[in-house]
Amino acid sequence: MAKFSYFYPLHFAEVKIFENYRLTSLNSFGVEAKCRYFAEVTQNDELLGLLEKFPPHILPHLLLGGGSNILFTSDYDGLVIKIVLRGIRVRRKTVDEVWLEVSAGEDWDELVKFCVENNWGGLENLSGIPGSVGSAPIQNIGAYGAELKDSFDSLSALDKDTGNIVTLTKEQCKFGYRDSIFKREFKNRYAILGVMLKLTVRNHVLNMTYGAIGQNMQEMGVQSPGIMDVRKAVLSIRQSKLPDPKVIGNAGSFFKNPVVSMEHFQNFIERNPGASWYPDGDRYKIAAGWLIEQAGWKGYREKDAGVHSKQALVLVNYGNATGNEILQLSHKVIASVYEKYNILLEAEVNII
């Protein structure tokens, strides 16, 4: 197929285009923002049609999943396409493993729940993460010692440069810590349509060493834990620390945990023996929440933008904060932590 090269008026086929569309309810921060045009797609050919009619080089566009990892700092002068592709299909199954194909518009935590209820292991530590399946590979979502890449097989995506649907393997996605090729070389090039996951059917390997999962198991009196117990523990921990976006606007962890060299870590830990940290190969990951809290930001509030009182890693909108106010607060936090610890925090949230 040739590259997209034509621009057409607003209405075509069965996809309805809305003008001057409010995005407030479509981002978990709940900040006020509008886009020039808005559309929802429920099928692959609808997305292809939109991109043919509105080529990216003529009209900027933004693909939106659950809106849980995005901060709008202004109105978007382009086309926002909400991906609502649905479907979960077993593509292959053996005695030990199952390959599950999941459409991009499926809710991530509903998928985890579905898998755990079917006794398919691998995703349980990623319980409670908001957002859609299609956004998960971009961020290589992770929590409590697990990452998407641990259960990832491949994905299908629309190449917006050519109009072709392609399959990309785990190696081609180049996953890193909250990172992938979709945030770097392939940024804005691919529209993810679906993800193939490889999960265990039996002999599940439980990951309970990270965070307070083991302690939570003891408190619940679990003697022989399974993947459902891990899910319940993770959900319990998350609910005790993280605000519900339906109550207080937020995007979960706003910052990545910084990863530093051994030399940097040794200098840091000598001065801060009580810091929270984790080994990361030949490097070390320092808990951003600990750094922010020690720098005095936990519970801080500036108008309606704030740092959550229970988890300093989370920036929140208490009601009417603008995206810019939240962004400016994040800059102050970054500058403060760098001045105190010589460690540069990096936003995990996609800032638009």
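The numbers here are math on the coordinates, done by the rules we state, and not lab data. Only a predicted model underlies this, so the values are computations on that prediction, with no experimental measurement involved. Please note: Cβ atoms are built from the backbone with ideal geometry, for glycine as well, and neighbour counts cover all protein chains shown.
Would you please put 194-206, 22-34 in order of how densely packed they are, using the mean number of other Cβ atoms within 10 angstrom per residue and starting with the highest?
22-34, 194-206
About the Cα centre, and with charges only on the beta carbon of Lys, Arg (+1) and Asp, Glu (-1), how big is the dipole of region 249-351? Nearest 20 debye, please.
Dipole size: approximately 240 debye.
Let me know the charge dipole size of the chain about its Cα centre in debye, to the nearest 20, where only the beta-carbon of Lys, Arg (+1) and Asp, Glu (-1) is charged.
I would put it at about 100 debye.
For region 249-351, calculate the relative contact order in percent as a whole number, restricting contacts to Cα pairs under 8 Å that are 6 or more residues apart.
Once normalised by length, the contact order is 32 percent.
What number, rounded to the nearest 500 deg cm²/dmol, is the helix-based mean residue ellipticity at 222 nm of the chain, given -39500 (n - 2.57) per DSSP H run of at least four residues and division by all its residues?
-7000 deg cm²/dmol
Consider just the alpha-carbon atoms of region 272-352 and return their Rg together with their Dmax, both in angstrom.
Here Rg and the maximum Cα pair distance are 13.2, 43 Å.
Length gain on complete extension for the stretch Ser261 to Ser336, per 0.36 nm per residue less the alpha carbon to alpha carbon distance?
Net length gain for the segment: 24.9 nm.
Specify which residue in the list Asn164, Gly122, Trp99 is farthest towards the positive end of the charge dipole of region 88-200, using unit charges on the beta carbon of Lys, Arg (+1) and Asp, Glu (-1), about the Cα centre.
Among Asn164, Gly122, Trp99, the one farthest towards the positive end of the dipole of region 88-200 is Asn164.
Can you give the FRET efficiency to the nearest 0.05 for Ile351 and Gln239, using r as the Cβ-Cβ distance and R₀ = 45 Å?
0.95
For Ser74, put the label point 7 Å out on the Cα→Cβ axis and report which residues of region 313-352 keep their amide N under 18 Å from it.
The answer is 322-329, 331, 350-352, whose backbone nitrogens lie closer than 18 Å to the label point.
Per residue, how big is the convex hull of the chain when only Cα atoms are used? Give it in Å³.
144
Grab every C-alpha pair in region 88-200, bin the distances at 10 angstrom width from 0 up to the longest one, and report whole percents.
Each 10 Å bin holds this share of Cα pairs: 15, 51, 29, 5, 0.
How many percent of Cα pairs in region 148-237 exceed 23 Å?
45
For the pair Phe18 and Val201, what calculated FRET efficiency results from E = 1/(1 + (r/R0)^6), where r is the Cβ-Cβ distance and R0 = 56 Å, to the nearest 0.05?
Calculated value: 0.80.
Bin by bin, in steps of 5 Å, what percent of the Cα pairs in region 1-130 do you find, going until the bin that has the longest distance?
Histogram of Cα-Cα distances, whole percents per bin: 2, 9, 17, 18, 15, 14, 11, 9, 5, 2, 0.
I'd like to know which of Leu148, Thr24, Pro55 lies farthest towards the positive end of the charge dipole of the chain, counting +1 on Cβ of Lys and Arg and -1 on Cβ of Asp and Glu.
After comparing all options, I get Thr24.
How high is the relative contact order of the chain? Use alpha-carbon pairs under 8 Å, at least six apart in sequence, and give a whole percent.
16
Once you place label points 7 Å from the Cα toward the Cβ at Met220 and Asn188, how far apart are they in nm?
So the label points at Met220 and Asn188 sit 4.4 nm apart.
Can you check what the Kirkwood hydrodynamic radius comes to for region 209-345, Cα pairs only, in Å to one decimal?
About 16.4 Å, per the Kirkwood formula over Cα pairs.
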